[in-house]
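Notes to accompany the following structure.
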Amino acid sequence: MQQFGRPLYAIALTLWVGALWAVGAIVAPTLFSMIDNRSLAGAVAGRLFTAVAWVGIGCAIYLMLFQIVEKGAGVFRTAVFWIVLLMFLLTLAGHFGVQPIIAHLKASRELLESVTKERFDTWHGIASILYVIQSALGGALVVLESARR
């Protein structure tokens, strides 16, 4: 398993953290600065964040399974495992908890403009905080893994 597993582990880690950083720090801000229609920019960014969430779910599952196979019960004494698990849980919370609320608020925005906008802004802020935490944890994970080499 090491022959293919470890390189795939490195690729999964790179893909997940790279996607988090690229979309969150480069692509989404660029969309909003270049597209005058904020609704369209938001829709495109939303699709990209959805793709990043699914990439994260897949990568997290692989990363955790690889660590469990490699370290057995000792995996629960490693910071790397707990960081991956926390990032995974944050991804699930954001994608399956916060994003559906945001989507619902976007759909009803025209009905109750002021109240819905405040709620949308609050939930969007929560989503942003979750994303920033994931991105920071991803950075910590990259540093920990590179120090192991």
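Just so you know, all these numbers are worked out from the coordinates, no wet-lab data involved. Note that the structure is predicted; figures quoted are calculated from it, not measured. Virtual Cβ from ideal backbone geometry, glycine too; neighbours counted across all protein chains shown.
For region 21-30, the count of residues that are in contact (Cβ under 8 Å) with a residue 24 or more places away in the chain and surrounded by 18 or more Cβ atoms within 10 Å (Cβ to Cβ) is at least one. Within region 110-145, the set of residues being without any contact (Cβ under 8 Å) to a residue 60 or more places away in the chain and among the β-branched types (Val, Ile, Thr) comprises Val115, Thr116, Thr122, Ile126, Ile129, Ile133, Val143.
The single residue among Gly58, Gly24 that is among the small types (Gly, Ala, Ser) and in contact with a Phe, Trp or Tyr (Cβ under 8 Å, 6 or more places away or on another chain) turns out to be Gly24. Taken together, Phe32, Phe4 contain a single residue that is touching a helix residue (DSSP H, G or I) at 6+ places or on another chain (Cβ under 9 Å), assigned to a helix (DSSP H, G or I) and either aromatic (Phe, Trp, Tyr) or closer than 25 Å to Trp123 by Cβ (or both), which is Phe32.
Answer yes or no: is there a residue in region 38-60 that is outside any helix (DSSP H, G or I), under 22 Å from Phe120 (Cα atoms) and free of Cβ contacts under 8 Å to residues at least 24 places away in the same chain. For region 38-60, residues outside any helix (DSSP H, G or I), under 22 Å from Phe120 (Cα atoms) and free of Cβ contacts under 8 Å to residues at least 24 places away in the same chain: absent.
On the given criteria, is Gly94 within 16 Å of Ser128 (Cα to Cα) and of a type outside the set (A, V, I, L, M, F, W, C)? When the stated conditions are applied, Gly94 passes them.
For (1) loosely packed, with under 14 Cβ neighbours inside 10 Å; (2) touching a Lys or Arg at 6+ places or on another chain (Cβ under 6 Å); (3) of a type in the set (Val, Ile, Thr), each residue gets a yes or a no:
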site	(1), (2), (3)
Ile101	no, no, yes
Leu105	no, yes, no
Lys117	yes, no, no
Phe120	no, no, no
Gly125	yes, no, no
Tyr131	no, no, no
Leu137	no, no, no
Leu141	no, no, no
Glu145	no, no, no
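Taking the conditions (1) under 24 Å from Ile26 (Cα atoms); (2) surrounded by 18 or more Cβ atoms within 10 Å (Cβ to Cβ); (3) of a type in the set (S, T, N, Q) in turn, Gln67 satisfies each one other than (1). Would it be correct to say that Val17 is in a helix (DSSP H, G or I), farther than 19 Å from Ala147 by Cα, β-branched (Val, Ile, Thr) and touching a residue at least 12 places away in the same chain (Cβ under 8 Å)? Here the answer is no, as Val17 does not meet what is asked.
Quick grid of which residues meet (1) basic (Lys, Arg); (2) more than 14 Å from Val17 (Cα to Cα):
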position	(1), (2)
Trp82	no, yes
Lys117	yes, yes
Ile133	no, no
Gly138	no, no
Leu141	no, no
Glu145	no, no
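When region 67-109 is filtered for residues that are free of Cβ contacts under 8 Å to residues at least 24 places away in the same chain, aromatic (Phe, Trp, Tyr) and more than 17 Å from Gly125 (Cα to Cα), the ones remaining, listed by number, are Phe76, Phe81, Trp82.
Of the residues making up region 5-59, those that are of a type in the set (S, T, N, Q) and under 17 Å from the mean Cα position of the chain (by Cα) are Thr14, Thr50.
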